[in-house]
Each structure stands twice: as C-alpha cells, then as structure tokens.
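Chemist: I have a structure here, written as structure tokens, and I will follow up with some questions on it.
Please treat every number below as a calculation from the coordinates, not as lab data. Being a predicted model, the structure only gives us computed values, none of them experimental. Cβ placement follows ideal geometry from the backbone for every residue including glycine, while neighbour counts extend to all protein chains displayed.
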Amino acid sequence: MKIAIAGAGAMGSRFGIMLQKGGNEVLLIDGWKEHVDAIQTKGLQANFNGEDITVNIPIMLQSEVHSDEKMDVIILFTKAMQLEKMLQDITCMISKQTKVLCLLNGIGHEDVIEKFVPMQNIYIGNTMWTAGMEGAGKVKLFGNGSIELQNLGKGQEEGAKALAELLSASGLNAKYLDNIHYSIYRKACVNGTMNGLCTVLDVNMAGLGLTTPANDMVETIVKEFASVAEKEDVHLDIEEVITHVKSCFNAETIGMHYPSMHQDLIKNHRLTEIDYINGAISRKGRKYGIATPYCDFLTQLVHAKEQILGVK
Ligand code: NAD
C-alpha cells in the first residue's frame, strides 16, 4: 500500500516507521525544514523501546508536494492548528479512492477535512500510542498502544475495517468501532482537563490531583463536554468518564507525567491545541446555546500563557 503520513512529528514518525517495517511504501510529509533535512541526510533516528535505531524513510517538505502521485491511504498527524494548511498542500495526492484517516486529539477535525476530502473517504479515530520529539530527525517511541477508528461516510464500514486490518498488520493494534464519536469525546475529556489545567498550573497530573479544587474542576469541565456532546447525540456516561479522568491522578500509574500540552508550551515554547479541545467545546456551546464557563476560561488562560511566554 502507498501510505503518506501527513505530519511527521513524533506520532507521524512512529506510524511511518511501523508501517514501513510492515511492508508498506511509506512517504513522510512535513513542514519543519530542519527535521526534513535531518531525515533526508542522516535517516530518522529513533529510540524504539530503549534501542537506538536509524531508519531510512522517504520524507518531503509539504510545500514541495507537487507530484500528482496518488496515495492509497493518508494518515493525518499534524497538530490541530496545522491541519488545514497541510491538507491544502497535499490535495494533489488525494484521489477519489484515497482513504484519509485523522487520529489527531481534539474535537471536530472532520469540519476541516471535509473541505478537501469527500466524506465517503474520511475516517476518524483515537490512538493510545504515544511518541515524543527529541529534536530534528529524532524521536523517542516507548510502550504499546492501540487505535480505534470508524468511517464518517455512510456505508463505508468495510472500508474502515480494512483500514484497521492494514494498520494492525504492522503491529498498530487497530480496531473498528461503531461509536467513534463517543470514544473521541471520552478521550477529549481527559485532554480537556489534564492538558489545560496542568499547563496553566505548571504541575504534573498527580500534583494536580493533590489540590483541593482538582475534583470540582474536573467534574465541571467533564459536564460541560457532556452537555455539548449530548447535542450531537453522543451520550457520555458522566460518572464513568469522571472516574476515568481522575485515574490520571494516580502517581503509581501515569500521574507523574506532564501532559503533552505542558511539554509543548512550558518546556518547548510551542503553541497549544487548546482551541481544538476546550476551545472547541466553547465554540460548540455558543452554537447550541449552552454555557461552558470553565472551558471558556481555561482556553483564555492557556492563550494568555502562550502570549506571556512569547510563543507564536
Ligand atoms: P508533534 O508536535 O511531534 O508534530 C506535529 C508537527 O509539529 C510535525 O509537523 C512536526 O514536524 C512539527 N514539530 C514538532 N516539533 C517542532 C519544532 N520544535 N519546531 C517546528 N516544528 C515542530 O506532534 P505529535 O505529538 O506527533 O502529535 C500529532 C497529533 O497527535 C496531535 O493532535 C496530538 O495531540 C496527537 N497525539 C499525540 C500523542 C503523543 O504521544 N505525542 C498521542 C496521541 C495523540
């Protein structure tokens, strides 16, 4: 299969390496020139579960995608704010048959993708795989993960199942789900609480859990997500989701980790995806006439922090 990974940062690199190893013809596409240059000259360097490897894998700058070579599958792995520009740049690779899979965190990416890809070819999902950038051309890949995905287009279930099989054949452990929006909202509740709060408070998840307002803040934010989801016919089990989110406070499992937004903004001074997580709930809340004061405020606080740190 000819697979393009559009957005070859940490996650895109992981997927690229695994899919190439699985026998696919993979092309990475990215907008970070230093990273592209490093991979073209020295290969992609990865610490893969503790072992240092160098992988020769084709990569090109998204601004140089002029070929009209069509892809069988395109996996989108930009940050949310880079998605639209990426799709503009790679439009020439999308044929009527190209399946486009979006595994970005956040809510509502289909609204952007639909502008470039026919609905029947759009697939969305969630992934529990993780990855980290260590610098241009270098990634750290640790642990196991999984993928859940579904077709957006009516009658494309078989296409979604085939896509899940293709990914699983390379060890990516993917499965078809018939209620992906539930799963996306459930994961967004984790990101919508842990990411913004730990970033603004500059604390890890266990540290957040030790504060007296933590429980109330988490519960209120999850309820805002649930009210908006309800308007989209996604009926979250609020108690289960709150318990799931609070499990992040456990210092013996994942609590000592800083969420990715903290790493992006506080550690690496990069812009955050807040507009596509809590900000998306605020926008949808306005559209549906639902008050979302905690999401509104958290979005503003994260933007204020971006500005204080001079991040553009
Ligand atoms: P990433 O930041 O590693 O890469 C995204 C893009 O940013 C790539 O184009 C990359 O080249 C570019 N980039 C990275 N560092 C840069 C730098 N210093 N300067 C300039 N450009 C840079 O993002 P990611 O972690 O791969 O995440 C992609 C999507 O997947 C996001 O929506 C994220 O929320 C989601 N996600 C990430 C993880 C994870 O563990 N990293 C897990 C699940 C979902």
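Chemist: Return the residues of region 114-143 that are near the ligand (Cβ under 10 Å from one of its atoms), closer than 19 Å to residue 99 by Cβ and of a type in the set (Val, Ile, Thr); say none if nothing qualifies.
Modeler: The one that is near the ligand (Cβ under 10 Å from one of its atoms), closer than 19 Å to residue 99 by Cβ and of a type in the set (Val, Ile, Thr): 127.
Chemist: Count, please, the residues in region 21-40 that happen to be away from the ligand (no atom under 16 Å from the Cβ) and either touching a residue at least 40 places away in the same chain (Cβ under 8 Å) or surrounded by 22 or more Cβ atoms within 10 Å (Cβ to Cβ) (or both).
Modeler: Number of matching residues: 4.
Chemist: Quick check, is residue 10 over 19 Å from residue 116 (Cβ atoms) and either under 16 Å from the mean Cα position of the chain (by Cα) or among the hydroxyl-bearing types (Ser, Thr, Tyr) (or both)? Don't jump to the end; show me each part of the working.
Modeler: Numbers: over 19 Å from residue 116 (Cβ atoms): yes; either under 16 Å from the mean Cα position of the chain (by Cα) or among the hydroxyl-bearing types (Ser, Thr, Tyr) (or both): yes.
Yes: the conditions hold for residue 10.
Chemist: Can you tell me which residue within region 3-17, out of those that are more than 15 Å from residue 43 (Cα to Cα) and touching a helix residue (DSSP H, G or I) at 6+ places or on another chain (Cβ under 9 Å), is nearest to the ligand (Cβ to nearest atom)?
Modeler: It comes out as 7.
Chemist: Could you list, in sequence order, the residues of region 224-234 that are under 22 Å from the mean Cα position of the chain (by Cα) and not small (Gly, Ala, Ser)?
Modeler: If the condition is that a residue be under 22 Å from the mean Cα position of the chain (by Cα) and not small (Gly, Ala, Ser), then 224, 225, 228, 232, 234 are the ones that fit.
Chemist: Shifting gears a bit: Of these, 57, 53, which one is among the β-branched types (Val, Ile, Thr), in a loop (DSSP other than H, G, I, E, B), more than 13 Å from the ligand (Cβ to nearest atom) and surrounded by fewer than 23 Cβ atoms within 10 Å (Cβ to Cβ)?
Modeler: 57
Chemist: Inside region 266-312, can you point out the residues that are assigned to a helix (DSSP H, G or I), within 13 Å of the ligand (Cβ to nearest atom), more than 16 Å from the chain's Cα centre (by Cα) and surrounded by 14 or more Cβ atoms within 10 Å (Cβ to Cβ)?
Modeler: None; the set is empty.
Chemist: Taking the condition in a helix (DSSP H, G or I), out of contact with any helix residue (DSSP H, G or I) (no Cβ under 9 Å at 6 or more places or on another chain) and not acidic (Asp, Glu), does residue 243 pass? Working first, answer last.
Modeler: Numbers: in a helix (DSSP H, G or I): yes; out of contact with any helix residue (DSSP H, G or I) (no Cβ under 9 Å at 6 or more places or on another chain): yes; not acidic (Asp, Glu): yes.
In short, yes.
Chemist: If you don't mind, there's one more thing I want to ask. Out of the residues in region 71-81 that are surrounded by fewer than 22 Cβ atoms within 10 Å (Cβ to Cβ) and within 10 Å of the ligand (Cβ to nearest atom), state the one that is nearest to residue 3 (Cα to Cα).
Modeler: Within region 71-81, the match that is nearest to residue 3 (Cα to Cα) is 79.
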